[in-house]
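The structure under discussion appears below in the form of structure tokens.
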4 protein chains.
Amino acid sequence: MTDIITVTGVVGTDPKHHVTNGGLAITTFRLASTRRVFDREKATWEDGETNWYTVSAFRQLATNASLSIRKGERLIIRGRLRLRAWETGERSGTAVEIEADSIGHDLAWCVSTYAKVRPTRP
Amino acid sequence: MTDIITVTGVVGTDPKHHVTNGGLAITTFRLASTRRVFDREKATWEDGETNWYTVSAFRQLATNASLSIRKGERLIIRGRLRLRAWETGERSGTAVEIEADSIGHDLAWCVSTYAKVRPTRP
Amino acid sequence: MTDIITVTGVVGTDPKHHVTNGGLAITTFRLASTRRVFDREKATWEDGETNWYTVSAFRQLATNASLSIRKGERLIIRGRLRLRAWETGERSGTAVEIEADSIGHDLAWCVSTYAKVRPTRP
Amino acid sequence: MTDIITVTGVVGTDPKHHVTNGGLAITTFRLASTRRVFDREKATWEDGETNWYTVSAFRQLATNASLSIRKGERLIIRGRLRLRAWETGERSGTAVEIEADSIGHDLAWCVSTYAKVRPTRP
């Protein structure tokens, strides 16, 4: 059960969808999750720091996410956090990825319609 | 941060929506979350036990949830778990409630369209 | 991944430990998790509502929990939430249980010593 | 509630403890959380990938963690995930930090004793 996380945030890039030679559907996009901080002096909630994640979805979730999600929309996502060290020549870093097992449009910010088939999008 | 939970499941009742005299919008519905269990002999995933929750949403999330959610749809929900002892005459029990801070249609099971305004639903 | 929860709270009963005929070690106890609420007028944190859970542990975790935990101590617990309807004659209700996969003494409230063998407790 | 995570894992470095000029106690250490993966062919659980985190604790939790935790011990930790981009000359990367609000020795792997005062450690 370790390393499971739920985040809410804004989609930062249109989803990329592809299917591997083996037939596995994969969708990836970037998500920005911004912490809300209560400012005691002003007695208001303010935007705090932002965490950026790469979100990956597989199989049916990948297909549905690709059909449903656009840049700028607000989501709720649950999945497993994966931290991977990478190095390419003289640069190195840590890739921060959420392997999603569930994704939804966040109804705190929008209305959404549910369909078993592909919706007509303008 | 204690008692925060994320669940996925099926809406068991059409949402009830009302607005208090003070102007607070509230939406409630029942959600069934069924555990998936791996059967080693059959080497397949099977349905396990089901947890039933009463989900409550407030303010804008309540309004949007009421406009968007119907019985039978699959959701992802994050919120605070509240357990409340109740007693009415000779019966007593524990009410299990999630005060949602985020709700979305679960894209593992559907496609959804995102809109800032009320969608046209048949 | 659904229905996984992390709670912090106070142990309300000394743990009960037993071993089934089949050799499975089981430990159970009650835990009270009290929400902290920020009172804006007083500008202080106050105790809010309390959730009561029955916590169950199995196998090695059960044995270690039984040796380590006493009523009144503060814990952090992660596990799967299980809600079970029960009925005995004229009474019925919902049992709220956490099947723990990890338990620790909460260092926000105490110091603790770690040992691979049974500690000497007065 | 966003970006809250619970992890279990092994302490990779002895905790560093210091107190700022302003009197704030801070403790930091590294934690390795290794995913367990079920190998269907062998029908056994195997170690999968490892996530490395920098864990930070503040105030009383920092003091108690510093007194209680040693490299190699197993912990359960809950806190807020913080991802921070950094750059020093020609190198850049992402720092992955958990700001802990609760830490405990994981009783799935050890026994522990709870004390309100500093324990005697050899």
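The values are calculated or read from the model by the stated rules, or taken from the named source; none is laboratory data. What you see is a predicted model; the values in this text were computed from it and never measured. With ideal geometry, Cβ positions are generated from the backbone for all residues, glycine too; neighbour counts draw on all protein chains shown. In case anyone asks, the SASA skips ligands and DNA or RNA and just uses the protein heavy atoms, side chains included. Shrake-Rupley method; radii C 1.70, N 1.55, O 1.52, S 1.80 Å.
Is it true that some residue in the range C:84-100 is within 14 Å of chain D (Cβ to nearest Cβ), free of Cβ contacts under 8 Å to residues at least 60 places away in the same chain and β-branched (Val, Ile, Thr)?
Here is the first cut: in the range C:84-100, the residues within 14 Å of chain D (Cβ to nearest Cβ) are C:98-100.
Among the residues that remain, those that are also free of Cβ contacts under 8 Å to residues at least 60 places away in the same chain are: C:99-100.
So of that shortlist, the ones also β-branched (Val, Ile, Thr) come out as none.
Taking every residue of the range C:84-100 in turn, none turns out to be within 14 Å of chain D (Cβ to nearest Cβ), free of Cβ contacts under 8 Å to residues at least 60 places away in the same chain and β-branched (Val, Ile, Thr).
Yes/no matrix, rows are residues, columns are (1) closer than 14 Å to residue A:78 by Cα; (2) touching a residue at least 40 places away in the same chain (Cβ under 8 Å); (3) of a type in the set (Lys, Arg); (4) open to solvent by less than 20 Å² (accessible area, probe 1.4 Å):
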position	(1), (2), (3), (4)
A:22	no, no, no, no
A:29	no, yes, no, yes
A:35	no, no, yes, no
A:44	no, no, no, no
A:51	no, yes, no, yes
A:54	yes, yes, no, no
A:57	yes, yes, no, yes
A:60	no, no, no, no
Test residue A:99 against the criterion of being among the charged types (D, E, K, R), in contact with a His (Cβ under 7 Å, 6 or more places away or on another chain) and modelled with pLDDT of 95 or more, and give yes or no. no
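Can you tell me which of B:67, B:107, B:75 is touching a residue at least 12 places away in the same chain (Cβ under 8 Å), open to solvent by less than 10 Å² (accessible area, probe 1.4 Å) and out of contact with any Cys (no Cβ under 9 Å at 6 or more places or on another chain)?
Values: B:67 fails: open to solvent by less than 10 Å² (accessible area, probe 1.4 Å); B:107 fails: touching a residue at least 12 places away in the same chain (Cβ under 8 Å).
Result: B:75 is the single residue among B:67, B:107, B:75 that is touching a residue at least 12 places away in the same chain (Cβ under 8 Å), open to solvent by less than 10 Å² (accessible area, probe 1.4 Å) and out of contact with any Cys (no Cβ under 9 Å at 6 or more places or on another chain).
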Meets criteria (in a helix (DSSP H, G or I) and open to solvent by less than 70 Å² (accessible area, probe 1.4 Å)) for residue C:95: no
For the range D:47-60: of the residues being more than 14 Å from chain C (Cβ to nearest Cβ) and touching an Asp or Glu at 6+ places or on another chain (Cβ under 8 Å), which is nearest to residue A:83 (Cα to Cα)? D:51
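Looking only at the range B:1-20, filter to residues that are among the aliphatic types (A, V, I, L, M) and open to solvent by 10 Å² or more (accessible area, probe 1.4 Å); which one of those is nearest to the chain's Cα centre (by Cα)? So that I can check it myself, show each step before the final result.
Here is the first cut: in the range B:1-20, the ones among the aliphatic types (A, V, I, L, M) are B:1, B:4-5, B:7, B:10-11, B:19.
From what is left, the residues that are open to solvent by 10 Å² or more (accessible area, probe 1.4 Å) are B:1, B:4, B:10, B:19.
On the way: B:1: 20, B:4: 14, B:10: 8, B:19: 19 Å.
Taking the candidates together, the pick is B:10.
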Checking residue D:10 against (1) closer than 16 Å to residue D:105 by Cα; (2) within 11 Å of another protein chain (Cβ to nearest Cβ); (3) of a type outside the set (D, E, K, R), only one condition comes out false. Which one? (2)
Answer yes or no: is there a residue in the range D:22-38 that is within 10 Å of chain C (Cβ to nearest Cβ) and not aliphatic (A, V, I, L, M). yes
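Between A:44, A:63, A:6, A:28, which is at pLDDT 95 or above and either in contact with a His (Cβ under 7 Å, 6 or more places away or on another chain) or over 20 Å from residue D:81 (Cβ atoms) (or both)? Working first, answer last.
Numbers: A:44 fails: at pLDDT 95 or above; A:6 fails: either in contact with a His (Cβ under 7 Å, 6 or more places away or on another chain) or over 20 Å from residue D:81 (Cβ atoms) (or both); A:28 fails: either in contact with a His (Cβ under 7 Å, 6 or more places away or on another chain) or over 20 Å from residue D:81 (Cβ atoms) (or both).
Just one listed residue meets the conditions, A:63.
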Does residue C:112 fit the bill of being of a type in the set (S, T, N, Q) and in contact with an Asp or Glu (Cβ under 7 Å, 6 or more places away or on another chain)? no
I'd like to check something: does the range A:37-51 contain any residue that is touching a Phe, Trp or Tyr at 6+ places or on another chain (Cβ under 8 Å), within 20 Å of residue B:114 (Cα to Cα) and of a type in the set (Ser, Thr, Tyr)? no
